[in-house]
Amino acid sequence: MNKNYEEDMQYTVKYSRFFLKAIGVWPLIAEHTSTREKIVSIFLIIFFSFCVLFVLIPSSYYCFFYVTDVTVMIELYGPISYCALIGVKYCYLGVKATTYGRCMKHMEKHWISVEDAEQRGILKGNTSVARKITTVCAVLFYSSTGSYYIAMPLWSPVFRRSETDRPLVHPGYEFFVDEQATPTYEFIFIMHCCYCFVTCSVSTANCSLIALFSSHARGLIQVQVARLRDLVEHEGKDIKSQSRLSVIVKNHVEILTFTKNVAQALQEVCFAEVLASVIVTCAAEYLCVLEFKNHNTIATGTYLGLIFSFVFNIFIICYAGQLLVDEGERLGDAYYDIKWYNLPKKKSASLILIIAASKKSPKLTGGKIFEISIPTFSSVLRSSVVYMNLCQAVSA
């Protein structure tokens, strides 16, 4: 038994917990939370949901009932679609909170059952990778989206409809209030900044969960491979060889259960993340080309940052799914490659069912529609370029 499992579990979920707490979802996942944390969580969920609707409703009304220029509609299509998908992703974080909590309980159970320093090092190494991925995603999301909502309105003419107007990223408020008056303008601008925060936090939290669960599953598979190696090496040298085989069978079932729960927990999130990234990448590519032709350096750089951050987001999700598939195949190969012929007949026969079960590699899917893997990443990039060319053709 691992005496440091509480410390290891805290280390594992630290970054995910931070971003989930920031948007009020963590108390829905964690078992032991105080009444104060639950009250703060309810307030944050209501406030951030209001922020999403505050942006979505006026922008949609403006786009569908006021705008007649096709080019302007295409420019608004990306932000509006992404806003709607942010709302969907935020809802799914709450709806799937129980499933995420179940996966984390599994992870805690795995940390408790760690047998030696080698296994602990394998799991911590994979957790470290997930933490680095989360850090990079957070830096990219907050920097690129922050530039779009703060730098561009202040220093770029993109959002100015006249020389005297003060710029706003999302239009449509003039139908309800005088958006240029003080303090109405300041209130709308602050709400846009709050929406920027929830956008970045929801996307980073989703990316963090995907990286956390897939890297932990990968660590479990690597630990299983190490157990298989020890099974043959210690055969006949001690009296624990039979118990080792029992542990291998038990842990293989545990890996299958955990990966199944992870796949169920993340399938909608993966679908929404990929779809949102495709839409934003497509719109950002179109607007980047447009602003490059207009020689607008700040806007071009901001759109390039958005393209890079969302392409990286898709890559991380697809790479996590690909690693899970590769490690599953590696585990299947390990069952074949061990020196099973050195084992007694009964023990080698016991491996047959495990070998059969290992033929099906664990995998992540996007809403059970497509597999999350590197080929999916290349398909997404091709699709974004095709849609960008379509937008250019329609606007022309």
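The values are calculated or read from the model by the stated rules, or taken from the named source; none is laboratory data. Fair warning: this is a prediction, and the values are worked out from it, not measured in the lab. Cβ sites come from the backbone with ideal geometry, for glycine too, and all protein chains shown count toward neighbours. For the accessible areas, the whole protein counts, side chains as well, though only heavy atoms, and no ligand, DNA or RNA atoms are used. Shrake-Rupley method; radii C 1.70, N 1.55, O 1.52, S 1.80 Å.
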accessible surface per residue for region 6-117, probe 1.4 Å, DNA/RNA/ligands not counted, whole Å² -> 52 Å²
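Compute the normalised compactness of region 183-224: alpha-carbon radius of gyration over 2.2 N^0.38 Å, N being the residue count.
2.00
What order do you get for 93-104, 314-325 when each peptide is scored by the mean count of other beta carbon atoms within 10 Å, highest first? Before the final figure, lay out each step's value.
Numbers: 93-104: 18.4, 314-325: 22.2.
Ranked by mean Cβ neighbours within 10 Å, highest first: 314-325, 93-104.
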Would you work out what percent of the accessible area of the chain, with all protein chains in place, is carbon or sulfur (probe 1.4 Å)?
64 percent
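DSSP H helices in the chain with Cα extent of 27 Å or more along the helix axis and mean Kyte-Doolittle hydropathy at least -0.5? Please list the in-between numbers first.
On the way: long enough: 35-65 (45 Å, 1.65); 70-95 (37 Å, 1.29); 117-146 (42 Å, 0.16); 184-233 (73 Å, 0.82); 241-293 (71 Å, 0.75); 297-337 (57 Å, 0.73); 374-395 (32 Å, 0.85).
Span-like helices, by this rule, are 35-65, 70-95, 117-146, 184-233, 241-293, 297-337, 374-395.
For the chain, what does the relative contact order come out to in percent, with C-alpha contacts under 8 Å and a separation of six or more? Mind dumping the intermediate values first?
Numbers: 448 pairs, mean separation 86.3, N = 396.
Reported as a whole number, the value is 22 percent.
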Report the gain in length on full extension from ILE355 to SER143: 0.36 nm times residue separation, minus Cα-Cα distance, nm rounded to one decimal.
71.6 nm
If ligands, DNA and RNA are left out, what is the accessible area of TRP111 with a 1.4 Å probe, given in Å² to the nearest 10?
0 Å²
Modelled label-to-label distance, LYS250 and VAL289, 7 Å Cα→beta-carbon offset: nm?
6.0 nm
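GLY305: net charge of surrounding residues, Cβ under 15 Å, Lys/Arg +1, Asp/Glu -1, itself excluded? Mind showing how you got there, number by number?
Values: positive: none; negative: GLU285, GLU291.
Computed value for this residue: -2.
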Given labels modelled 7 Å from the Cα in the Cβ direction, how far is it in nm from VAL385 to PHE50?
4.6 nm
List, in the order given, every pair from LYS260/LYS360; LYS38/LYS363; LYS89/LYS368; LYS14/LYS105 whose Cα-Cα distance in the structure shown is over 22 Å.
LYS38/LYS363
Extension length gain for ASP165 and GLN10 (0.36 nm per residue less Cα distance), in nm, is 50.9 nm
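Could you grab the relative contact order for region 1-156? Cα pairs under 8 Å, six or more apart, rounded to a whole percent. Before the final figure, lay out the partial values.
On the way: 74 pairs, mean separation 56.4, N = 156.
That works out to 36 percent.
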What is the extension gain from CYS193 to ILE150, computed as 0.36 nm multiplied by their sequence separation minus the C-alpha to C-alpha distance, in nm to one decimal?
14.7 nm
Mean Cβ-within-10 Å packing, highest first, puts peptides 299-312, 9-22, 63-76, 203-216 in the order 203-216, 299-312, 9-22, 63-76
